[in-house]
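**Q** Handing you a structure now.
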Number of protein chains: 2
Amino acid sequence: MATTEDARAGPAAGLTSWRDGPAKRAIAEFVAHVCGANGGDAVPFEERVAVFDNDGTLWCEKPMPIQLDFILRRLVAMAQAEPALRERQPWKAAYERDYGWLNAVMTEHYAGDDTNVEVLAAGVLAAHAGVSVEDFEAQAGKFLRGAQHPTLGRGYLEVAYRPMLDLLAYLAANGFSNYIVSGGGRDFMRPISQEVYGIPRERVIGSTAALAYNSDEHGGTITHEARADYLDDGAEKPIRIWSRIGQRPLLAAGNSNGDVPMLHFAQHRDKPSLRLLVLHDDAEREFAYTTGAEQALAQAERDGWTVVSVARDWGTVF
Amino acid sequence: MATTEDARAGPAAGLTSWRDGPAKRAIAEFVAHVCGANGGDAVPFEERVAVFDNDGTLWCEKPMPIQLDFILRRLVAMAQAEPALRERQPWKAAYERDYGWLNAVMTEHYAGDDTNVEVLAAGVLAAHAGVSVEDFEAQAGKFLRGAQHPTLGRGYLEVAYRPMLDLLAYLAANGFSNYIVSGGGRDFMRPISQEVYGIPRERVIGSTAALAYNSDEHGGTITHEARADYLDDGAEKPIRIWSRIGQRPLLAAGNSNGDVPMLHFAQHRDKPSLRLLVLHDDAEREFAYTTGAEQALAQAERDGWTVVSVARDWGTVF
C-alpha cells in the first residue's frame, strides 16, 4: 500500500506547471532519493535544506530588479524634495529617468569596472539611512503590494515564476525547509516572503545595510545606516548560509554568476544534492538573456548541474 | 471542558523545578496571556518568539565561561607545540594556568579598560584561524561531550539549569520558537543546542569569527579567519535578533549588563512581553555574584523586569 509519504515523493506530484523533461525528472529523482523512496536511507528532516536565489530565480528581474524600481522611486522623491540632488548621481539618473546611465553601470560592472557601481551603491544606502527597520518594511510592503511590473501587465507580487512556486510547495510537502538567499535586500523581501513563497521571514537571507540600535521608551529602535553590512552575493552566499542555517544545503537554485559559489556549496559526499540553474531563453513569455550568467552556464556544463530552460521546461511561466 | 491548549497554558504546568512565587507566576500569566487564555486575543504562533542568553542564563558560567575552558586548552596545545608562544599573552597565562591574569582582564574590562581584552581576543581568534567550520564544530562537540566542570562534579552538558530547561519546554509546548542569543560563539554551541536545549542549530545566534569561503573539489570550504565578524553582546544583540528573526521577541531572558538592550527590545505596544533576569544568589547550590550585572539589576528594578532568584525561585538548579 502506498503511504502518503510515498505519494508525495512520487514522480513529480505537484509539479504541474513543469513540462516533462530532464529538469522535472532530475527534481523528482532527487526528492525520491532524499525521501528514501528508492530503497536507500531517507535524509533526516532537519537536514532537508533548500536555498533559492530570488531575482531571476524565483521572480522576474527584468527589465530591472524589482528593488531597483523601489529605490529609484525613493531617489526621485528625494530629488524632488532637494533640488541640489538633481545634479548628483544616482539621483540625476533617477530624476531624469536616464536608464542609459543605469544600464551603463551594469555593463561596466560586468566588464570589471565598479566605479559607478559604488556611486550607485552610495545613493542606494543614502536612500534609507536613518529609517527604522519597521518603517522600511512598511514602505517595501506597500510598494510591492501596489506597484505594477513595467511591461508584463501584472503587479509585482504576480511576477513570481509559477513553476518555482510549485517546486517550493513540492519540497515543503516533502519535509524541506526552503530559504531565500538573495543578493537583494533581506528586509525588502521579508514583508511578502510568506505570502508569495510560503517562506517565513526568519528564512530570508539577503543583503543589508549596517544597522544601529538606539534605546528609547518604546523598547529601542533599529535603524538603517548609510553603509553596507555585507552584499550577499558570490562567495558571501555560502558564508551567509552557514551563518544562518549552519548546514550545507541539499538543493541550491540560482540563475547568475553570483550564485555559483552557493550552488557549488550544495555538495555532499554521502547525501543527494541538486543544483538548478534557471536559463532565461524565452523572450516571448518572459525575457531572454545570459549576460551575467556566462560563468554559471559554463560551470553547469562542466559539473553536470541541472539547467532549467524557461522555454523548454516550464509549461506556464507566471 | 478544558482543551489541551488550556491545559498547556494552565498555571505553570511543566515548570516543576520552579518554586511557587512571583517569577513562576509571572511566567504562567505571560504564557496564558499569549495563548489568549484570559479572554484576550491569542498571539499568532509565528510571533511567539523567545530569546535566551546562554552563559549564566541557560547554563553555568562560573568559575569561567565554558568556552573559555575550551579555548585555554587550545592555547595550551599551541604553546606546547610552539615554545615561543609561551612568552606571549594569552598563551603564557594559559600555559602557566595563570588564572590571575585572566581574572585581571575581566576586572579591567568591568572598569572600562579593554587593553588586555584585546590581547585575549587576538589570541582567541588566532586559536582557530584557518580551521574549517566542520572541524571547529567537531572539536567543540567533542570537548562539550567529554569535559568535566571544574568544581560541580558533573560534565559540561549537565550544567544547564533544570528550571530553564523546563521553561524552554513549557514555551515550546505553547507554540513558542526559542532562540539562543549569546555573547559566546555561535558555532561553539550549535553541536549541542538541540540535545541540551531542544533548540535547533538555525536558532542559535552568537558571536563569530569572520568566515572565508574557498572553492575546492568538495563543494568549497568555509574557514575561520583571525578577526571577529561581530561580538553579539550589548546593543549588538537586538541587531542580530532582527537580522536573524526579523521580529521583536515576546520574551527575553538574560543575566548580565550585556543583555540589557536585548531585554529592553522585547517590548510591545499591543502584545504581552516578559523580561527575565537571572540573579545568581545561591553560593551553596551554584555561585553567588552580581559583578557585570549591576546595570541590569538596576534597570530590572526601574522597569519592572522579573528577577529570577536562583536561591528563592528554583527548587532544583541542575
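**Q** When you go through (1) open to solvent by less than 10 Å² (accessible area, probe 1.4 Å); (2) more than 23 Å from residue B:163 (Cβ to Cβ) one by one for residue B:48, which number turns out not to apply?
**A** Unmet condition: (2).
**Q** Return only the number of the condition from (1) surrounded by fewer than 19 Cβ atoms within 10 Å (Cβ to Cβ); (2) under 21 Å from the mean Cα position of the chain (by Cα); (3) within 28 Å of residue A:269 (Cβ to Cβ) that residue B:231 does not satisfy.
**A** The number of the failed condition is (3).
**Q** Turning to a different aspect of this structure: Restricting attention to segment A:26-40, and to residues there that are in a loop (DSSP other than H, G, I, E, B) and modelled with pLDDT of 85 or more, which single residue is nearest to residue A:161 (Cα to Cα)?
**A** A:35
**Q** Then there's this: Can you tell me which residue among A:212, A:173, A:147, A:138 is at the interface with chain B (Cβ under 9 Å from one of its Cβ atoms) and surrounded by fewer than 19 Cβ atoms within 10 Å (Cβ to Cβ)?
**A** A:212
**Q** Which of the numbered conditions does residue A:289 fail, given that it passes all the others? Conditions: (1) farther than 22 Å from residue A:180 by Cα; (2) aromatic (Phe, Trp, Tyr); (3) crowded, with 24+ Cβ neighbours inside 10 Å.
**A** So the condition that residue A:289 fails would be (3).
**Q** May I ask you to say which residue of A:23, A:50, A:13 is under 30 Å from residue A:171 (Cβ atoms) and either of a type outside the set (A, V, I, L, M) or part of a loop (DSSP other than H, G, I, E, B) (or both)?
**A** A:13
**Q** Any idea which of A:192, A:222 is out of contact with any Asp or Glu (no Cβ under 7 Å at 6 or more places or on another chain), modelled with pLDDT of 95 or more, buried (at least 17 other Cβ atoms within 10 Å of the Cβ) and closer than 24 Å to residue A:255 by Cα?
**A** Values: A:222 fails: closer than 24 Å to residue A:255 by Cα.
Result of the check over A:192, A:222: A:192.
**Q** Among all residue pairs at least 6 apart or on different chains, which show Cβ distances below 8 Å where the first residue, located in segment A:35-48, is within 14 Å of chain B (Cβ to nearest Cβ) and the second is open to solvent by 50 Å² or more (accessible area, probe 1.4 Å) and among the basic types (Lys, Arg)?
**A** What qualifies is A:47/A:271.
**Q** Something else about it: May I ask you to list the residues in segment A:150-170 that are open to solvent by 10 Å² or more (accessible area, probe 1.4 Å), under 15 Å from the mean Cα position of the chain (by Cα) and under 30 Å from residue A:36 (Cβ atoms)?
**A** A:162, A:165
**Q** Which residues, counting only those in segment B:258-286, are part of a loop (DSSP other than H, G, I, E, B) and either in contact with a helix residue (DSSP H, G or I) (Cβ under 6 Å, 6 or more places away or on another chain) or more than 24 Å from residue B:41 (Cα to Cα) (or both)?
**A** If the condition is that a residue be part of a loop (DSSP other than H, G, I, E, B) and either in contact with a helix residue (DSSP H, G or I) (Cβ under 6 Å, 6 or more places away or on another chain) or more than 24 Å from residue B:41 (Cα to Cα) (or both), then B:272, B:282, B:283, B:284, B:285, B:286 are the ones that fit.
**Q** Ok, one more. Condition first: free of Cβ contacts under 8 Å to residues at least 60 places away in the same chain and either surrounded by fewer than 19 Cβ atoms within 10 Å (Cβ to Cβ) or of a type in the set (Lys, Arg) (or both). Now tell me which residues in segment A:238-247 satisfy that.
**A** Correct list: A:240 only.
**Q** Related question: Restricting to segment A:274-284, and then to whatever is farther than 10 Å from residue A:305 by Cβ and in contact with a strand residue (DSSP E or B) (Cβ under 8 Å, 6 or more places away or on another chain), can you tell me which residue is nearest to the other protein chains (Cβ to nearest Cβ)? Steps first, please.
**A** Kept after step one, since they are farther than 10 Å from residue A:305 by Cβ, are these residues of segment A:274-284: A:278-284.
The next check asks that each one be in contact with a strand residue (DSSP E or B) (Cβ under 8 Å, 6 or more places away or on another chain); those that pass are A:278-282.
Working: A:278: 20, A:279: 22, A:280: 25, A:281: 27, A:282: 31 Å.
Ranking the qualifying residues of segment A:274-284, first place goes to A:278.
**Q** A further question on this structure: Condition (residue is in a helix (DSSP H, G or I), open to solvent by 50 Å² or more (accessible area, probe 1.4 Å), closer than 21 Å to residue A:159 by Cα and touching a helix residue (DSSP H, G or I) at 6+ places or on another chain (Cβ under 9 Å)) applied to segment A:305-316: is it met by at least one residue?
**A** yes
**Q** If you take the residues in segment B:248-265 that are facing chain A (nearest Cβ under 7 Å) and either over 13 Å from residue B:53 (Cα atoms) or out of contact with any Gly (no Cβ under 7 Å at 6 or more places or on another chain) (or both), which one is surrounded by the most Cβ atoms within 10 Å (Cβ to Cβ)?
**A** Looking at residues that are facing chain A (nearest Cβ under 7 Å) and either over 13 Å from residue B:53 (Cα atoms) or out of contact with any Gly (no Cβ under 7 Å at 6 or more places or on another chain) (or both), I get B:265.
**Q** Let me ask another. Of everything in segment A:266-286 that's under 24 Å from residue A:38 (Cα atoms) and among the aliphatic types (A, V, I, L, M), which residue is surrounded by the fewest Cβ atoms within 10 Å (Cβ to Cβ)?
**A** It comes out as A:274.
**Q** Moving on to the next point. Quick one: which of B:10, B:21 is modelled with pLDDT under 95, closer than 30 Å to residue B:285 by Cβ, open to solvent by less than 40 Å² (accessible area, probe 1.4 Å) and over 23 Å from the mean Cα position of the chain (by Cα)?
**A** None of the others qualify; the one that does is B:10.
**Q** Can we say residue B:130 is within 14 Å of chain A (Cβ to nearest Cβ), open to solvent by 30 Å² or more (accessible area, probe 1.4 Å) and not hydrophobic (A, V, I, L, M, F, W, C)? Don't jump to the end; show me each part of the working.
**A** Values: within 14 Å of chain A (Cβ to nearest Cβ): no; open to solvent by 30 Å² or more (accessible area, probe 1.4 Å): yes; not hydrophobic (A, V, I, L, M, F, W, C): yes.
Considered against the rule, which asks whether it is within 14 Å of chain A (Cβ to nearest Cβ), open to solvent by 30 Å² or more (accessible area, probe 1.4 Å) and not hydrophobic (A, V, I, L, M, F, W, C), residue B:130 comes out as no.
**Q** Among the residues of segment B:296-315, what is the count of those that are within 18 Å of residue B:262 (Cβ to Cβ) and under 19 Å from the mean Cα position of the chain (by Cα)?
**A** 7
**Q** Here's a follow-up. Counting only residues that are surrounded by 22 or more Cβ atoms within 10 Å (Cβ to Cβ) and either of a type in the set (Ser, Thr, Tyr) or at pLDDT below 95 (or both), how many does segment A:195-207 have?
**A** Count: 1.
The values are calculated or read from the model by the stated rules, or taken from the named source; none is laboratory data. All figures in this text were calculated on a predicted structure; none of them were measured in a lab. Cβ: placed from backbone, ideal geometry, glycine included. Neighbour counts: every protein chain shown. When the accessible area is computed, the model is the full protein with side chains, heavy atoms only, and any ligands, DNA or RNA have been set aside. Shrake-Rupley method; radii C 1.70, N 1.55, O 1.52, S 1.80 Å.
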